[in-house]
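The values are calculated or read from the model by the stated rules, or taken from the named source; none is laboratory data. Predicted model, so just to flag it, every value in this text is computed and none were measured. Please note: Cβ atoms are built from the backbone with ideal geometry, for glycine as well, and neighbour counts cover all protein chains shown. These area figures cover heavy atoms from the full protein model, side chains too; ligands, DNA and RNA do not enter into them. Shrake-Rupley method; radii C 1.70, N 1.55, O 1.52, S 1.80 Å.
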Amino acid sequence: MTFQTHPKIAKGPFDESQMLTLKDQRKGFPVGRGVGVLRWSFATSEESALPLSINCWPEDTGDGNFTVSIEYERQKGDMTLMNVELVIPTGGEDSPEILDCSSGQATFNRVTGDMLWQFDAIDDSNATGTLEFSCPGTDDDAFFPLSVRFRSENPYCAISISAATSLDDDSPLHFEFSRLVQPDSYTVQ
């Protein structure tokens, strides 16, 4: 996991004691407007570290069609994934026949030729799920890569802010704190 501080934040105090303080105390941030001062990133090829495991099995039915079975499993039990969308390319414009959808909502986007499997949230109530559809096709590679989009307020690291104080007199300041995980790229090859 790597951390990146805003350019106005002094790197020394953060590196030494995880304290966020201004580099130049005469230059502050705008008042009354949220400003991100710390970002973190996490990149891995370890499947066990991913919040969602996805398996896609296209099967040639021998009659010019494919039956595609997809399953997901939430792997990080402490993460609730919100606004989840799995995008499965179909390689065509014909609307697939949805054979089974255990949770969420499956729709077809004719413009992009993608099957969209969407969830408001993936949590304890739907930690696993399956989608099966049938569509015309001649190449099982047409269904890859799948892409996944989601948000979560439960990050990989337990970051919190203990206090915010004034540089002038060390008095406590009101502050707001939010955490958000939103992957830049999440694909299944």
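Evaluation of M19 against the conditions (1) at pLDDT below 90; (2) closer than 20 Å to A127 by Cβ; (3) open to solvent by 40 Å² or more (accessible area, probe 1.4 Å) shows that the sole unmet condition is (2). Between P51, P58, the distinction of being more than 20 Å from F143 (Cβ to Cβ) and touching a residue at least 24 places away in the same chain (Cβ under 8 Å) belongs to P51 only.
Within the stretch 30-48, the set of residues being surrounded by 12 or more Cβ atoms within 10 Å (Cβ to Cβ) and closer than 27 Å to V87 by Cα comprises W40, F42. Given the condition farther than 30 Å from T138 by Cβ, of a type in the set (D, E), in contact (Cβ under 8 Å) with a residue 12 or more places away in the chain and exposed (fewer than 13 other Cβ atoms within 10 Å of the Cβ), answer yes or no: does some residue in the stretch 93-106 qualify? Looking through the stretch 93-106, none of the residues is farther than 30 Å from T138 by Cβ, of a type in the set (D, E), in contact (Cβ under 8 Å) with a residue 12 or more places away in the chain and exposed (fewer than 13 other Cβ atoms within 10 Å of the Cβ). Before we move on, is D60 exposed (fewer than 14 other Cβ atoms within 10 Å of the Cβ) and either within 14 Å of the chain's Cα centre (by Cα) or farther than 30 Å from S178 by Cβ (or both)? The answer is yes for D60. Any residue at all in the stretch 152-169 that's on the phi < 0 side of the Ramachandran plot, touching a Cys at 6+ places or on another chain (Cβ under 9 Å), part of a strand (DSSP E or B) and of a type in the set (V, I, T)? No: the stretch 152-169 contains no residue that is on the phi < 0 side of the Ramachandran plot, touching a Cys at 6+ places or on another chain (Cβ under 9 Å), part of a strand (DSSP E or B) and of a type in the set (V, I, T).
Cβ separations smaller than 6 Å between residues 6+ apart or across chains give the following pairs from the stretch 69-86 residues that are surrounded by fewer than 18 Cβ atoms within 10 Å (Cβ to Cβ) to residues that are small (G, A, S) and modelled with pLDDT under 95: E73/S53; Q75/S53. Note on the stretch 130-164: residues that are in contact with a strand residue (DSSP E or B) (Cβ under 6 Å, 6 or more places away or on another chain) and not hydrophobic (A, V, I, L, M, F, W, C) amount to 12.
For every residue, the table says whether it meets (1) out of contact with any Phe, Trp or Tyr (no Cβ under 8 Å at 6 or more places or on another chain); (2) touching a residue at least 12 places away in the same chain (Cβ under 8 Å).
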residue	(1), (2)
F119	yes, yes
T128	no, yes
G137	no, yes
E153	yes, yes
H174	yes, no
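Of the residues examined, D114 is one that is of a type in the set (D, E, K, R), touching a residue at least 24 places away in the same chain (Cβ under 8 Å) and farther than 30 Å from T21 by Cα. For the stretch 127-145, the criterion of being crowded, with 19+ Cβ neighbours inside 10 Å, among the polar types (S, T, N, Q) and either part of a loop (DSSP other than H, G, I, E, B) or at negative phi (or both) is met by no residue. Among the residues of the stretch 158-189, those that are at pLDDT 85 or above, among the hydrophobic types (A, V, I, L, M, F, W, C) and more than 28 Å from the chain's Cα centre (by Cα) comprise A163, A164, L173.
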